[in-house]
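First up is the structure itself, then whatever we jot down about it.
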Amino acid sequence: MGYAHEYADAIMHRGRVPMDPADYVPNWQDGPRKAKFYPGADGFPLPDAPYPADATLDRGLFAEGAPGERSTEGGEFDLVTLSGMLRDSYGLTGRRLGVQANTDLSALPFYPLANWSRGSASGGGLYPVAVHWVSGPSGPVPPGVHYYSTRHHTMQRLLTGDVTGRVRAALGEGAPGPETDQYLVLSIKYWQNAFKYNSFSFHAVSMDLGACVQTWRMWAAARGLAVEPALWFDEERLAELLGVDPKEEGIFAVVPLKWAGYERSPGRPPAAPVSVRRKDVERSRTVLTFDALLRMQAATSAGATARPAPGALAPAAAHP
């Protein structure tokens, strides 16, 4: 079944058979940032959204009655709801100063070493998911590619111009989600997690991605909105658009957003093959690569365009 099966087997048995490199020790003094950094990028603050979140577990899972009775149409996103969903999931919502058993307790009162909490779960509190908003003409700002800066709750503009056609082309025929020109493209910069978890990190970031998207689904369902990620697409096309190296940053999901005021424009010419030129500036002086990460990235992206037929993966779903 290929390397992915070997990797999953190694994850399951890592308690008895340590994964390589077994002697790895993180260099905490040379660790990466907890977010990507684009110096000089213009940005705009996202608007305030109603608070508290009011997306309880019951409302998220059973927003309109019992399962099977809920509408699959959902409402429409706008800038306020997008802002609320991002803040309540990946934005900094609180500062952790509580008494706990971690060794960094004495450092927490100092602002440069502050530990911030967020609405979504994350293994190790590293939050490696990078959220990019690819906006088309129906959006409230000029079309382009934006990066969600979690620390500032702002959108940083990385590229100007309508490139949503390239996202649609990368998704291909039969992709889930409504017709739209607004997409959230979720990537993971491997070093942000691998500096701590080395070869184990591909497993860890996959769970982080799932936790983030499921938080969005619950948040949206409580408001009559729908979030359905696309997990099968041409990753190389999207990596080229974002200007990232797939060996360093994987594209894990695309979330189409049903947007208020969207009108399809027939006959629109295809987008020019432009790419984001701004580069994320790495904090770490030394960036390491791990064979397991490289091999898993290659294994998962190799057949990424071969989307399974509807219902083909149903037997693998978790039991209710």
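For this structure, a couple of remarks:
- Normalising the average separation of contacting C-alpha pairs (under 8 angstrom, six or more residues apart) by the number of residues puts the relative contact order of region 205-320 at 29 percent.
- A convex hull fitted around the alpha carbon atoms of region 171-287 yields 138 Å³ per residue.
- Its relative contact order, with pairs defined as Cα atoms under 8 Å and 6+ residues apart, puts the chain at 25 percent.
- Stretched out straight at 0.36 nm per residue, the stretch from A22 to F110 would grow longer than its current Cα-Cα span by 28.4 nm.
- Length added when fully stretched, D78-F44, from 0.36 nm per residue minus Cα-Cα: 10.7 nm
- Each principal axis of the Cα atoms in the chain has its own extent, and those three values, largest first, are 57, 48, 46 angstrom.
- Carbon-plus-sulfur accessible fraction, region 145-190 (probe radius 1.4 Å, protein heavy atoms only): 50%.
- Residues of region 157-194 with amide N under 14 Å of the 7 Å Cα→Cβ point at S275: none
- G243 long-range amide H proximity, modeled H, under 5 Å: V276
- With 10 Å bins from 0: P(r) over region 103-220, alpha-carbon pairs, percent: 11, 33, 36, 15, 4, 0
- For the chain: accessible area per residue (Å², 1.4 Å): 54
- Lys pairs, the chain - Cα-Cα below 25 angstrom, 8 or more residues apart or on other chains: 13
The values are calculated or read from the model by the stated rules, or taken from the named source; none is laboratory data. Everything numeric here is computed off the predicted structure, so don't read it as measured data. Here Cβ is always computed from backbone atoms with ideal geometry, including for glycine, and neighbour counts include all displayed protein chains. Side chains included, ligands, DNA and RNA excluded: accessible areas come from the protein's heavy atoms. Shrake-Rupley method; radii C 1.70, N 1.55, O 1.52, S 1.80 Å.
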